[in-house]
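Derivation of every value follows stated rules applied to the coordinates shown; laboratory data play no part. Note that the structure is a prediction, hence the values are computed from the model and not measured. Cβ atoms come from the backbone with ideal geometry, glycine included; neighbour counts cover every protein chain shown.
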Amino acid sequence: MDGTVSALHRNLRDHIGADADIVMGVVVAGESQREIADRMGISYEAVRKRYQRALRHLRDALKKN
């Protein structure tokens, strides 16, 4: 990862924890949620739910600021 992407990943991890890996995979790397599920060895449903939860947390954080 380059410096900007690494900084974004760190900031996301501060806000949404390990779900940052999923968000980065979808938004930055362009992976599908199914690809991430395969890569992480977890179900598609788990990735889908974690992604939705992470986006909800990020939206809530942005509304507070």
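Some points to look at:
- The set of residues in the stretch 31-44 that are outside any helix (DSSP H, G or I), of a type outside the set (Ser, Thr, Tyr) and on the phi < 0 side of the Ramachandran plot comprises Glu31, Ile42.
- Answer residue from the stretch 45-65, given it is more than 14 Å from the chain's Cα centre (by Cα) and assigned to a helix (DSSP H, G or I) and is surrounded by the most Cβ atoms within 10 Å (Cβ to Cβ) among those: Ala61
- Qualifying residue in the stretch 11-30 (condition: over 11 Å from the mean Cα position of the chain (by Cα), surrounded by 11 or more Cβ atoms within 10 Å (Cβ to Cβ) and assigned to a loop (DSSP other than H, G, I, E, B)): no
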